[in-house]
Every structure is written in structure tokens, then in C-alpha cells.
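Colleague: Pasting a structure here, questions to come.
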Amino acid sequence: MDVAVHINNVKGNQMAAKITGTFTIDNNTFKFSAIAFGRIGGHNIGAKISKATEKALQKLGYDSNEVIDVLQKNLVSGNITLPEGLSRESFADS
């Protein structure tokens, strides 16, 4: 499953941050929000999508839980795009 993740905004720091953005799957773009935690036991991200997005993914033949898993893995691994002016160093450990 190919999921492209784009970050729109990050509020917080390396310890905890709220992330908003979009992800694209099969040329369809959806919004998500996430809370990212670092340092305590390693990186952890909890992403959420709306019920409308869940239904749209189901119509496309996807399991929304599997999509969220891939989305979270992309976020943790840094497989993302950032808006101009936002640097990884502002919210991620090196």
C-alpha cells in the first residue's frame, strides 16, 4: 500500500507535538491529525482520521486500521514531506 504523507503543521517540540496534515492513497487525499511523543520509550505516534475518511477508504477497498498503521509508520520513519519553512529539527530528534 503506497501512502504519501504531507505535514501541514506541527505544534509542540521534541517531547510532544500535535501534527496535522494529509495523506494520499490512490490519488485521493485525506486529512489526519496525530500526537507524536518522543524519548519516553522511543518514538510513538497516534494518528486519527475522521469517520467520513474511514468510510471513503472502505469504499476504495481499504481497511482503515491498516491505512492508519501505514500512516503512523511513515510518520515515525520520517517518510513525509514538509511545508516550506518547517524543518525536521524543530520537532524531531536528530
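The values are calculated or read from the model by the stated rules, or taken from the named source; none is laboratory data. Computed from a predicted model, the values in this text were never measured in an experiment. FYI the Cβ positions are ideal-geometry reconstructions off the backbone, even for glycines, and counts take in every protein chain you see. Note: areas computed on protein heavy atoms with side chains; ligands, DNA, RNA excluded. Shrake-Rupley method; radii C 1.70, N 1.55, O 1.52, S 1.80 Å.
Colleague: Helix 64-77 versus the longest principal axis of the chain: what is the Cα-based angle in degrees, 0 to 90, to the nearest 10?
Modeller: In the chain, helix 64-77 runs at an angle near 30 degrees to the longest axis.
Colleague: Fully extended, how many nm does the chain gain between Asp26 and Lys73 (0.36 nm per residue separation, minus their Cα-Cα distance)? Before the final figure, lay out each step's value.
Modeller: Numbers: separation 47, 0.36 × 47 = 16.92 nm, distance 1.81 nm.
Full extension from Asp26 to Lys73 adds 15.1 nm.
Colleague: Read phi for every residue in the range 50-58 and hand back ³J(HN,Hα) as whole Hz from Karplus 6.51 cos²θ - 1.76 cosθ + 1.60, θ = phi - 60°, with x for Gly and Pro.
Modeller: 6, 4, 5, 5, 4, 5, 5, 5, 4
Colleague: Can you tally the net charge around Gly46? Count Lys and Arg as +1, Asp and Glu as -1, for every other residue whose Cβ sits under 14 Å from the Cβ of Gly46. Could you put the intermediate results ahead of the total?
Modeller: Working: positive: Lys18, Lys48, Lys73; negative: Asp69.
Around Gly46, the charge tally is +2.
Colleague: Give the carbon-plus-sulfur fraction of the accessible surface of the chain in %, rounded to a whole number; probe 1.4 Å, heavy atoms of protein chains only.
Modeller: Numbers: 2900 of 5980 Å².
Carbon with sulfur: 48 percent of the solvent-accessible area.
Colleague: Calculate, for the range 19-87, the solvent-accessible area per residue in square angstrom, rolling a 1.4 angstrom probe over the heavy atoms of the protein chains.
Modeller: Working: 4290 Å² over 69 residues.
Value for the range 19-87: 62 Å² per residue.
Colleague: To continue, here is another question. Count charges around Thr24 for me, please; just the other residues with Cβ under 14 Å from its Cβ, Lys/Arg as +1, Asp/Glu as -1.
Modeller: On the way: positive: Lys31; negative: Asp2, Asp26.
Counting the neighbours of Thr24, the net charge comes to -1.
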